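Reviewing the structure listed below.
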Amino acid sequence: MTDASGLVDAALFSTQAPISGCAVIPEVTLPAANSRSLRHPERANGGQFTLGQNYPNPYSGETTIPFTLTNLADVRLDIKDSLGRKVTGVVRKSRIPGPHTIKLNLTGLGLPPGDYSYELQVTTKHGTYRQAKLMTAE
């Protein structure tokens, strides 16, 4: 509806529910229950750890994956190829809170150059948490 000047009637955009029983509700999008938050990784990992980007990246030969634990934890690092298949993994038991690194030599493991993902799984008394990042081997 427009008034004599051709402007849209402001009453059509009222934030209060109209008396007619028809209300305009703002659209709200919620993430799926099984999705992981990319903007807030601490929500996905329960604040139990921080996973850093491997360095150097891209790399040839050896790379280092940094992470920091907030509680005593068992740690598992899985390396997956571009199709999501696990190609290797590292397990570390009873890691104390604080900064840690895991060094990988994918050439020594016989893995060809390409894109890989690494997923850190941390198990504490509070539960099991995971986070993944990408890396490139040249």
- Given the structure, is ILE96 within 24 Å of GLY46 (Cα to Cα) and surrounded by 13 or more Cβ atoms within 10 Å (Cβ to Cβ)? no
- Task: Within region 106-138, track down each residue that is over 18 Å from the mean Cα position of the chain (by Cα), of a type in the set (A, V, I, L, M) and part of a strand (DSSP E or B).
- Result: ALA137
- Going by the structure shown, is GLY89 surrounded by fewer than 14 Cβ atoms within 10 Å (Cβ to Cβ) and within 18 Å of LEU134 (Cβ to Cβ)? yes
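So that you can scan it fast, the table gives a plain yes or no per residue for (1) charged (D, E, K, R); (2) within 12 Å of ALA73 (Cα to Cα):
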| position | (1), (2) |
| --- | --- |
| GLY108 | no, no |
| GLU119 | yes, no |
| VAL122 | no, yes |
| ARG130 | yes, no |
| GLU138 | yes, no |
- Candidate set: region 80-106, residues that are among the β-branched types (Val, Ile, Thr) and touching a Leu at 6+ places or on another chain (Cβ under 9 Å); chosen: the one farthest from THR70 (Cα to Cα): VAL87
- Item | Considering residues of region 62-86 that are closer than 27 Å to GLY114 by Cα and among the small types (Gly, Ala, Ser) only, the residue surrounded by the fewest Cβ atoms within 10 Å (Cβ to Cβ) | GLY84
- Message: Quick check on my filter: what residues within region 72-90 are within 13 Å of VAL122 (Cα to Cα), out of contact with any Gly (no Cβ under 7 Å at 6 or more places or on another chain) and at pLDDT 95 or above?
- Response: LEU72, ALA73, ASP74, VAL75
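The values are calculated or read from the model by the stated rules, or taken from the named source; none is laboratory data. Keep in mind that this is a model prediction, so the values were computed, not measured. Every residue, glycine among them, receives a Cβ derived from its backbone with ideal geometry; neighbour counts consider all protein chains shown.
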